[in-house]
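Asks: The structure is given below, and queries will be raised subsequently.
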Amino acid sequence: MAMRRPLITLVLCCASGAAQNPPPSLTTIYTFTGGSDGSGPGPLTISAGGVLYGTTASGGANGYGTIFSLSPPASPGGSWNYSLLYSFQGGSDGEDPDTRLTIGAGGVLYGTTGYCSAFSDCVAVVYSLTPPSSLGGQWTFAVIAGFGTEYVSSVSVSPGGTVYGAAIDSSYCETLFALLPPASPGGSWTQETVKNLGCPQGGPVVGLAIGAGLTLYGVTLGFISIPAEVFDLEPPATPGGAWTQTVLYQFEGVTSGATEFAIGAGGVLYGTVTSNGGAVYSLTPPASPGGAWTQATLLEFPTSPTLIDGVVPGPLIVGESGTLFGTTRYGGPKGVGTAYALKPPTFPGGAWTEISLHKFTGSDGTYPTGLAIGAGGVLYGTTVAGAAHRGAPCGSSGCGTVFALAE
């Protein structure tokens with residue numbers, strides 16, 4: 001891929017109405033076949049070297065999903081290099097991974113499998129995938145924790161190497177857990193309970209983010225009559241003490257559809273909800289400890305797809321100057337999703353500006369899952385398309401793609 005102007009520059013130009021700047025263009029850098037390379041990719045993670053890492057929910061050698069990488073071309077305009085890092089076997093290693101990977105120290109990847117539909121037939125796990133010690137070697141897969149549960153959230157890794165996540169069982173009982181790394185190479189991970197949230201509570205915790213001082217921030221999906229809510233967990237003052245949970249905000253009338261969020265400058269939380277078409281919100285921390293957090297709705301999507309607007313937003317990422325980037329699952333001219341930016345106001349209390357980055361048509365993929373920012377502000381993402389499952393053929397829209405968005 002040729003060098004491109006940082007997309008944030010383009011966003012700023014577009015927002016100011018500069019006619020000489022064309023809209024960003026989409027380049028498909030990989031198309032999944034539904035065979036050994038997998039089908040139905042999830043959100044991407046980018047390493048410091050620009051390598052893209054992701055999972056597919058199905059396909060691979062055994063039909064239970066894969067972990068893959070895409071390395072940048074050696075020269076501008078060249079092809080990206082796809083590598084199959086692991087094929088799930090559908091046994092003790094789990095199956096159907098669909099959460100975003102997290103990169104820890106030494107380039108180790110951490111992820112989860114979940115959404116077990118039959119508790120006797122599969123197990124949700126947290127796994128690690130360690131890069132080879134020499135170029136061209138095999139990656140090493142290991143299950144670091146197994147759960148007899150229905151769902152395990154995506155995980156976050158602290159600077160000290162502790163892995164945090166959430167698991168929910170068939171009775172909708174939620175547990176937040178910590179996995180402490182082994183004291184010596186090859187040793188076992190130690191699982192600890194951070195907090196039992198009770199049962200039932202507001203649906204699965206869809207992701208935990210680690211903030212300053214090792215504070216954990218989480219958001220629940222929402223469940224039946226229990227609204228989605230955002231909470232934090234403050235670590236104990238002394239080792240072995242209890243974590244302190246505080247509900248920061250409860251979404252009035254929103255009983256389902258919250259997504260994982262991003263942490264911006266000043267500790268502001270940004271996220272989306274999908275109920276009633278969806279919305280983008282922010283939660284600003286109080287000016288003094290113990291005060292109330294301030295919620296603001298930055299953008300509301302229509303209650304049904306239109307030829308212009310997107311609907312049902314996915315997770316956000318925070319770019320340069322606080323610009324938010326995201327996708328919608330549906331909407332646009334073909335109803336198969338959009339990509340957009342949300343530029344912060346130029347003065348306190350002003351309105352945020354939505355900027356359309358791309359409207360998917362089907363030939364360039366369908367149903368995007370979210371975005372990640374690479375070097376130079378280039379955006380990368382995946383589309384799910386008509387994913388195959390357990391050997392079934394992909395739908396008419398294909399098996400999924402990886403794309404780049406840049407000027």
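The values are calculated or read from the model by the stated rules, or taken from the named source; none is laboratory data. Since the structure is predicted, the reported quantities are computational estimates derived from the model, not experimental observations. Please note: Cβ atoms are built from the backbone with ideal geometry, for glycine as well, and neighbour counts cover all protein chains shown. What goes into the accessible areas is simple: the full protein's heavy atoms, side chains included, and nothing from ligands, DNA or RNA. Shrake-Rupley method; radii C 1.70, N 1.55, O 1.52, S 1.80 Å.
Asks: Residues of segment 196-212 being surrounded by fewer than 19 Cβ atoms within 10 Å (Cβ to Cβ) and touching a strand residue (DSSP E or B) at 6+ places or on another chain (Cβ under 8 Å), which ones? Can you show your working first?
Replies: Of all residues in segment 196-212, those surrounded by fewer than 19 Cβ atoms within 10 Å (Cβ to Cβ) come to 196, 198-201, 210-212.
Answer for segment 196-212, where residues must be surrounded by fewer than 19 Cβ atoms within 10 Å (Cβ to Cβ) and touching a strand residue (DSSP E or B) at 6+ places or on another chain (Cβ under 8 Å): Asn196, Gly198, Cys199, Pro200, Gln201, Ile210, Gly211.
Asks: I would also like to ask the following. Quick test for you: out of Ala287, Ala262, pick the one residue that is of a type in the set (A, V, I, L, M) and closer than 13 Å to Leu316 by Cβ.
Replies: Values: Ala287 fails: closer than 13 Å to Leu316 by Cβ.
None of the others qualify; the one that does is Ala262.
Asks: Being at pLDDT below 95 and of a type in the set (A, V, I, L, M, F, W, C) is the filter here; which residues of segment 72-87 pass it?
Replies: Ala74
Asks: Here's something else I'd like to know. Go through segment 266-318 and report how many residues are farther than 19 Å from Asp232 by Cα, surrounded by fewer than 21 Cβ atoms within 10 Å (Cβ to Cβ) and at pLDDT 90 or above.
Replies: 7
Asks: May I pose another question? Filter segment 201-216 down to the residues that are under 24 Å from Ser170 (Cα atoms) and not polar (S, T, N, Q) and list them by number.
Replies: Gly202, Gly203, Pro204, Val205, Val206, Gly207, Leu208, listed by residue number.
Asks: Test each condition in (1) farther than 27 Å from Gly337 by Cβ; (2) among the aliphatic types (A, V, I, L, M); (3) open to solvent by 30 Å² or more (accessible area, probe 1.4 Å) for Ile263 and report the one that comes out false.
Replies: (1) is the only condition that Ile263 fails.
Asks: Same structure, new question: Of the numbered conditions (1) assigned to a loop (DSSP other than H, G, I, E, B); (2) open to solvent by less than 50 Å² (accessible area, probe 1.4 Å); (3) under 26 Å from Gly314 (Cα atoms), Gly241 fails exactly one; give the number of that condition.
Replies: Unmet for Gly241, out of (1) assigned to a loop (DSSP other than H, G, I, E, B); (2) open to solvent by less than 50 Å² (accessible area, probe 1.4 Å); (3) under 26 Å from Gly314 (Cα atoms): (3).
Asks: Sticking with this one: Please count how many residues of segment 155-192 are open to solvent by 10 Å² or more (accessible area, probe 1.4 Å) and assigned to a strand (DSSP E or B). Please lay out each step first, then the result.
Replies: Filtering segment 155-192 down to residues open to solvent by 10 Å² or more (accessible area, probe 1.4 Å) leaves 156-162, 164, 169-173, 175, 180-192.
Right, trim to assigned to a strand (DSSP E or B) and you get 156-157, 164, 175, 180, 190-192.
Adding up the residues that qualify gives 8.
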